[in-house]
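Asks: Quick one: structure below, then a few questions.
The values are calculated or read from the model by the stated rules, or taken from the named source; none is laboratory data. The structure displayed is predicted, hence computed values, not measured ones. Cβ coordinates were reconstructed from backbone atoms using ideal geometry, including for glycine residues, and neighbour counts include every protein chain displayed.
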């Protein structure tokens, strides 16, 4: 009887130690820390539109100081809107880019079965790296999240 009791206690202790190690390992694993500042070399270029140029094309440039320039080119007019992002808005944009693993995304996401539709291209420079992603006629979740943030900023400053 003592043997069975000792075996159960020993098994319980092993399980408890294993569980503790697993929990501890999870706590010290890598964590994605949100950036505190935007890199000095940050630069974003975002363009989008329909596959028919006459329906309009749009382009946004943003630099590390938050200076932004939005250009709208449509069939009958060309408009430019220059504005400045706050430090908080700029950091929020950069954070969304990092949280969506922009620098690890493929360079292209294209659905060749669709002839008409829309496109977007996002190019970001930060910390000495430049990466560009082109999306044509398809949904790409990470890019969609970044675009949502960009369009929120555009609405705020229009």
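Asks: How many residues are out of contact with any helix residue (DSSP H, G or I) (no Cβ under 7 Å at 6 or more places or on another chain) and in contact (Cβ under 8 Å) with a residue 12 or more places away in the chain when one looks only at segment 127-140? Even if it seems obvious, please write down each step before you answer.
Replies: Residues of segment 127-140 out of contact with any helix residue (DSSP H, G or I) (no Cβ under 7 Å at 6 or more places or on another chain): 127-128, 130, 132, 134, 136-140.
Narrowing the set further to residues that are in contact (Cβ under 8 Å) with a residue 12 or more places away in the chain leaves 127-128, 132, 134, 136-138, 140.
Of the residues in segment 127-140, 8 are out of contact with any helix residue (DSSP H, G or I) (no Cβ under 7 Å at 6 or more places or on another chain) and in contact (Cβ under 8 Å) with a residue 12 or more places away in the chain.
Asks: Between residues in segment 75-95 that are more than 14 Å from residue 150 (Cα to Cα) and residues that are in a helix (DSSP H, G or I), which pairs lie under 6 Å by C-beta distance while being six or more apart or on different chains?
Replies: Listed by first residue and then by second, the contacts come to 75/54.
Asks: Among the candidates 97, 110, 143, which residue alone is within 21 Å of residue 58 (Cβ to Cβ) and either surrounded by fewer than 17 Cβ atoms within 10 Å (Cβ to Cβ) or at pLDDT below 95 (or both)? So that I can check it myself, show each step before the final result.
Replies: On the way: 97 fails: either surrounded by fewer than 17 Cβ atoms within 10 Å (Cβ to Cβ) or at pLDDT below 95 (or both); 143 fails: either surrounded by fewer than 17 Cβ atoms within 10 Å (Cβ to Cβ) or at pLDDT below 95 (or both).
When all the criteria are applied, what remains is 110.
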